[in-house]
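Each remark here refers to the structure printed beneath this line.
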Amino acid sequence: MPRAARVAVLAPVLTALLLSVMGAPTHATVEDAREHRRAEHGRATPTPTQPTMEAYAVPVSRRVTYSVRTRGRVTASMKVFRRQAQETFDHPRGWRAAGVQFRRVRRGGDFTLVLAAAGTLPSFSSGCSVRWSCRVGRHVVINQLRWRRASPAWNAAGRSLRDYRHLVVNHETGHWLGRGHTTCHGRGRAPVMMQQSKGTGGCRFNPWPLPWEAAAVRRR
């Protein structure tokens, strides 16, 4: 093989080795980073990116608007927070199954969805804990600690972070929609309004409103 051809063959290999030694991002390390990001967001229930009317079994009977705010030192991506919250609201298995359509606005709206640093939760109400998320008046408050790490009980069950994010948004928004806490009877899927962050008492972890929960909101 001519010397020039040998150089052409070996050049990509030598370049990759040099980049690896220098710590520069090779194609493999870039792919590893992408996989890490996907793992951080979790593998979750498929979410429609552009839901159509055909995807919904229940027509819209109520339209609500919401804005997004932060409180305290928030280090999580707000772009991801806004997108994933809207995906939860748009999902046909979420409160959309109750006929509720959610639309984000720049300010104001019917309620405010807040991503809050854990230490700021008691500033909304003395009944709010630094450990959990909370709903106070028009504020649907998602604890950043839970948003980023889910909960010990949820993680122990092997559920994804993405599904936990569906759960916490659905649960706290459910309070704003007028639903209180409920329990399960040790079998089947847990209601979304159960405090699943703390455990399910033998029921299956579930991030979506059960049909009877959606029906109760439709009747309001």
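Here, each number is a calculation from the coordinates, and none is a lab measurement. The shown structure was predicted, so the numbers you read here are calculated from the model rather than taken from an experiment. Glycine gets a Cβ as well: all are built from the backbone with ideal geometry, and neighbour counts include every protein chain shown.
Among rounded, prolate and oblate, which fits the range 65-128 when a ≥ b ≥ c are the square roots of the eigenvalues of its C-alpha gyration tensor, a/c under 1.5 means rounded, and a/b larger than b/c means prolate? Here the range 65-128 falls in the prolate category.
Once both labels are positioned 7 Å from their Cα atoms along Cα-to-Cβ, the gap between Ala156 and Val60 label points is 4.2 nm. Residue exposure proxy: Met78, Met193, ordered by other Cβ atoms within 10 angstrom of their Cβ from fewest to most, comes out as Met78, Met193.
Length available on full extension from Thr75 to Ala215: 0.36 nm per residue minus the Cα-Cα distance, which gives 46.7 nm.
For the range 135-195 versus the range 50-121, the spacing of their alpha-carbon centroids is 14 Å.
The alpha carbon gyration tensor of the range 99-220 gives principal lengths a ≥ b ≥ c with a/c of 1.5 or higher and a/b no greater than b/c, which makes the shape oblate. Counting every C-alpha pair in the range 158-219, the share spaced more than 16 angstrom apart comes to 37%.
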